[in-house]
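A.B. asks: Below you will find the structure I want to go over with you.
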Amino acid sequence: MDDAWPQQMRKGFAELCILIVLKRSENYGYAILAELSAFDALSFSESTLYPVLSKMAGEGLLAVREGPSLRGRARRYYSLTAKGRARLKNLAVYWKALRAGLDDLLAGKG
Amino acid sequence: MSEHKILGSYLAQVADALREAGAAPAEIADIQACLREHVHEAISQDGADINAIVASLDPPTAFVERFGETAVGAKTSDREHMFGGAGFFGGLIVFVTAFLIVPNIDPALMERMSAPLILTAIVFSASLGFAGRNTKFGKASLALAAGMTGLFAFLITRGG
């Protein structure tokens, strides 16, 4: 299972990626997937994204509203709640510290 | 308009897998709605064929793997499986003992023992079935408890 580790790492960052995408504006699941798939290292499959969206909405990090699409079908639009914005702030701080720590470790510092 | 057969079948498999993993009904419905929307968006935006889209989706087991790590509700534990299994088989054994074995050994003993044995089986299956309610055997255990309660009530009303 040598190929599994990039996916495992990506999954760990799924919540942060979703929060970043939704920080700009509210969006719906398919568009979030499309936006993230523009970055090779961040492309998720639907089996990762939708359970995470459901979990985040359940935790009150995201607000969900139904709105029509251009073709009239209902779409679920997700947006950040105050709790979601606070989580994004904390995760962003943690991510920077994590990246700095890993960079130092890779460079053989410490 | 009825849902496309292949999509419906896929969503049912995802629901079964998530249910087995201990997902709450609301979470299952939510994920199903997201997938349904995903497929319709792919059709309207990319002009793809529904069969091809459904075939390209992750297998239902992939949702279980993700769900186990991300769900609000915890993944079904081994303990829940154990409670469900014990409730079902334990209740069944006591029930069979009360109705089939005891009467053949001693009919007089049946008079005294059947009611307490059945009540014990009902309480046993109901409590352990509830503890393992997210598992197949847990649900079977609850159904068994309900069935035994109904039968017991029927026998009492008939004066048996």
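The values are calculated or read from the model by the stated rules, or taken from the named source; none is laboratory data. These figures come from a predicted structure and were not determined experimentally. Positions of Cβ are backbone-derived with ideal geometry, glycine not excepted, and every protein chain shown enters the neighbour counts.
A.B. asks: Is it fair to say A:Glu59 is out of contact with any Asp or Glu (no Cβ under 8 Å at 6 or more places or on another chain), free of Cβ contacts under 8 Å to residues at least 12 places away in the same chain and within 11 Å of chain B (Cβ to nearest Cβ)? Break it down into steps so the answer makes sense when it comes.
C.D. replies: Numbers: out of contact with any Asp or Glu (no Cβ under 8 Å at 6 or more places or on another chain): yes; free of Cβ contacts under 8 Å to residues at least 12 places away in the same chain: no; within 11 Å of chain B (Cβ to nearest Cβ): yes.
For A:Glu59, the condition - out of contact with any Asp or Glu (no Cβ under 8 Å at 6 or more places or on another chain), free of Cβ contacts under 8 Å to residues at least 12 places away in the same chain and within 11 Å of chain B (Cβ to nearest Cβ) - is not met.
A.B. asks: Please work out if A:Leu33 is within 24 Å of B:Gly22 (Cβ to Cβ) and within 13 Å of another protein chain (Cβ to nearest Cβ). Please lay out each step first, then the result.
C.D. replies: Working: within 24 Å of B:Gly22 (Cβ to Cβ): no; within 13 Å of another protein chain (Cβ to nearest Cβ): yes.
Considered against the rule, which asks whether it is within 24 Å of B:Gly22 (Cβ to Cβ) and within 13 Å of another protein chain (Cβ to nearest Cβ), A:Leu33 comes out as no.
A.B. asks: Working only within the range B:33-69, note down all residues that are under 20 Å from the mean Cα position of the chain (by Cα) and surrounded by fewer than 20 Cβ atoms within 10 Å (Cβ to Cβ). It would help to see each step written out before you state the result.
C.D. replies: Filtering the range B:33-69 for residues under 20 Å from the mean Cα position of the chain (by Cα) gives B:60-61, B:63-65, B:67-68.
Answer for the range B:33-69, where residues must be under 20 Å from the mean Cα position of the chain (by Cα) and surrounded by fewer than 20 Cβ atoms within 10 Å (Cβ to Cβ): B:Pro60, B:Thr61, B:Glu65, B:Gly68.
A.B. asks: Conditions: (1) more than 29 Å from B:Asp78 (Cβ to Cβ); (2) within 28 Å of the chain's Cα centre (by Cα); (3) not aromatic (Phe, Trp, Tyr). B:Val102 meets all but one. Number of the miss?
C.D. replies: (2)
A.B. asks: Which ones in the range B:134-151 are farther than 13 Å from B:Gly85 by Cβ and surrounded by fewer than 19 Cβ atoms within 10 Å (Cβ to Cβ)?
C.D. replies: Matches in the range B:134-151: B:Ala143, B:Ala146, B:Gly147, B:Thr149, B:Gly150, B:Leu151.
A.B. asks: Give the residues of the range A:34-57 that are at pLDDT below 85 and either outside any helix (DSSP H, G or I) or under 10 Å from the mean Cα position of the chain (by Cα) (or both), sorted by residue number. Quick ask: steps written out before the conclusion?
C.D. replies: Start the filter on the range A:34-57 by keeping residues that are at pLDDT below 85, which leaves A:40-44.
A:Leu42, A:Ser43, A:Phe44, listed by residue number.
A.B. asks: Applying the selection to the range A:67-107, what residues are surrounded by fewer than 14 Cβ atoms within 10 Å (Cβ to Cβ), modelled with pLDDT of 90 or more and either assigned to a loop (DSSP other than H, G, I, E, B) or within 14 Å of chain B (Cβ to nearest Cβ) (or both)?
C.D. replies: Within the range A:67-107, A:Ala107 is the sole residue that qualifies.
A.B. asks: Considering every residue within the range B:86-100, establish whether at least one is without any contact (Cβ under 8 Å) to a residue 24 or more places away in the chain, loosely packed, with under 12 Cβ neighbours inside 10 Å and assigned to a helix (DSSP H, G or I).
C.D. replies: Taking every residue of the range B:86-100 in turn, at least one turns out to be without any contact (Cβ under 8 Å) to a residue 24 or more places away in the chain, loosely packed, with under 12 Cβ neighbours inside 10 Å and assigned to a helix (DSSP H, G or I).
A.B. asks: Shifting gears a bit: Which members of the range B:10-32 meet the condition of being out of contact with any Phe, Trp or Tyr (no Cβ under 7 Å at 6 or more places or on another chain), within 7 Å of chain A (Cβ to nearest Cβ) and free of Cβ contacts under 8 Å to residues at least 40 places away in the same chain?
C.D. replies: Looking only at the range B:10-32, we keep the residues that are out of contact with any Phe, Trp or Tyr (no Cβ under 7 Å at 6 or more places or on another chain), and these are B:10-13, B:15-16, B:19-20, B:22, B:24-30, B:32.
This time we only want the ones that are within 7 Å of chain A (Cβ to nearest Cβ), so: B:27, B:30.
Across the range B:10-32, the qualifying residue is only B:Asp30.
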